[in-house]
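The values are calculated or read from the model by the stated rules, or taken from the named source; none is laboratory data. Since we're looking at a predicted model, the values are computed, not measured. FYI the Cβ positions are ideal-geometry reconstructions off the backbone, even for glycines, and counts take in every protein chain you see. With ligands, DNA and RNA removed, areas are computed over all heavy atoms of the protein, side chains included. Shrake-Rupley method; radii C 1.70, N 1.55, O 1.52, S 1.80 Å.
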Amino acid sequence: MHLETDPPLMAQDILFMRAALTQAEKGLWTTTPNPRVGCVFVRHGHIIAEGFHEKTGQAHAEIKAIESAKQQNISLQGSTAYVTLEPCSHIGRTGPCTKALIETGVTRVVAATLDPNPKVHGQGIQQLQQAGIATTVGILEKEARWLNRGYFSSLERNRPWVRLKIASSADGITALSNGSSHWITGTEARIHGQSLRAQACAVVTGMGTVKADDPQLNVRAYETSRQPIKIIIDSALSIPPGSKVLQHGQIILVHHINTSQPAWLNQHPNRENIHLIQAEPENNNNNTPNNHLDLQQLLSTLPNYNIHELHLEAGYHLNGSFFKAQLVDEIAQYIAPKFLGHGLGLMNLPELSELPDNQWQVRQVNPIGEDIFINWVKTALDAFN
């Protein structure tokens, strides 16, 4: 497909696409499960209108920017539109953005990346070209994909993006031998961790964490109009009905296919928001029965629930299970300036006989309060970062 019909003014394109990405980031906590998209209109080197997609069912970024221009009596005739994702060309909850762009009289549209949705992929660009509008695709593509890594992961890999959040001491201990872990890191790090919860479609943990900490798994440190879904890996459905995590919000309990629905569920005050998902047992090499669930199979079902970005906050064993299954894409690690000696490590992993090749790259290192934040990304996922 011919994606470029006008030579790009590279420096200017990068400048204004960054502005569009800044718009898209305004929907970081609200747009999910839709992609985060921003748009700016530019004429004579100046931004004349801008907008972003805020949440499902509301106007797309292009429409918001067009509406902003109308409110200011600004004509978009002859301008260039910079948008972080290929404009949609089909009718969903809203009308096609390609039609709206064509009607503005823009002469050029620059998109950071094509939309992986098969209802759109390449067709939006094609419609613009057929209308005589010059198009360029691929400006700051990796940045745009990273912003929507969950959306791209679901459509390209048929599973959510998985981010593992870990808080540990400087010597890699996540809890003392007696189970105590409150609090290894400081207040600022814990607040930052909730910002990662806020941007996820769902937060997942296991029964070990529920029984040890009785967490709520919601976003409390920030005001947000959308709370992530809470997923509990509970193969035997043994979760106590009084657990804090069950009292509010949308909850998914993932259990073994041979486990019956708990008797308390029909009488639970939040029963309408508690959903059960059956998961297949793990296929182990010994063909011996166990209660471990097939996490790969589970992840492949989650896009059906509009879960694209998964935030894993679990313990030693479930962290290890996700890691050993090679299902962790990103690690958000908070390291406290403490040395604890004996205790639980980051995750339960098998012993190695030789050093492996580097499989992870550091994307970001920041001090947060008294702690250090390190963002790791799997090296094989270079297309996302």
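Assorted remarks:
- Hits in segment 332-355 (condition: more than 22 Å from GLU309 (Cα to Cα), within 28 Å of the chain's Cα centre (by Cα) and not polar (S, T, N, Q)): ILE335, ALA336, LEU344, GLY345, LEU349
- Residue match in segment 296-316 (condition: under 28 Å from GLU351 (Cβ atoms), touching a helix residue (DSSP H, G or I) at 6+ places or on another chain (Cβ under 6 Å) and open to solvent by 20 Å² or more (accessible area, probe 1.4 Å)): yes
- Qualifying residue in segment 45-60 (condition: in contact (Cβ under 8 Å) with a residue 40 or more places away in the chain and either open to solvent by 10 Å² or more (accessible area, probe 1.4 Å) or touching a strand residue (DSSP E or B) at 6+ places or on another chain (Cβ under 6 Å) (or both)): yes
- Test: residue in segment 65-75 that is touching a Cys at 6+ places or on another chain (Cβ under 7 Å) and at pLDDT 90 or above: yes
- Answer from GLN71, GLN23 - the residue that is out of contact with any helix residue (DSSP H, G or I) (no Cβ under 7 Å at 6 or more places or on another chain) and either polar (S, T, N, Q) or open to solvent by 10 Å² or more (accessible area, probe 1.4 Å) (or both): GLN71
- Residue in segment 246-278 that is surrounded by the fewest Cβ atoms within 10 Å (Cβ to Cβ), counting only those that are aliphatic (A, V, I, L, M) and either modelled with pLDDT under 90 or farther than 19 Å from TYR305 by Cα (or both): ALA263
- Per the conditions (1) of a type in the set (Gly, Ala, Ser); (2) in contact (Cβ under 8 Å) with a residue 40 or more places away in the chain; (3) within 27 Å of THR113 (Cα to Cα), the sole criterion not satisfied by GLY345 is (3).
So that you can scan it fast, the table gives a plain yes or no per residue for (1) modelled with pLDDT of 95 or more; (2) in contact with a Phe, Trp or Tyr (Cβ under 6 Å, 6 or more places away or on another chain):
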| residue | (1), (2) |
| --- | --- |
| ARG36 | yes, no |
| ALA49 | yes, yes |
| PHE52 | yes, no |
| PRO116 | no, yes |
| GLN130 | no, no |
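- On inspection, THR22 passes the criterion of being under 22 Å from TYR222 (Cα atoms), at pLDDT 95 or above and of a type in the set (Val, Ile, Thr).
- Of all the numbered requirements in (1) open to solvent by 30 Å² or more (accessible area, probe 1.4 Å); (2) assigned to a loop (DSSP other than H, G, I, E, B); (3) more than 30 Å from LYS55 (Cα to Cα), LYS211 misses one, and that requirement is (2).
- Residue within segment 352-365 that is in contact with a Gly (Cβ under 9 Å, 6 or more places away or on another chain) and modelled with pLDDT under 95 present: no
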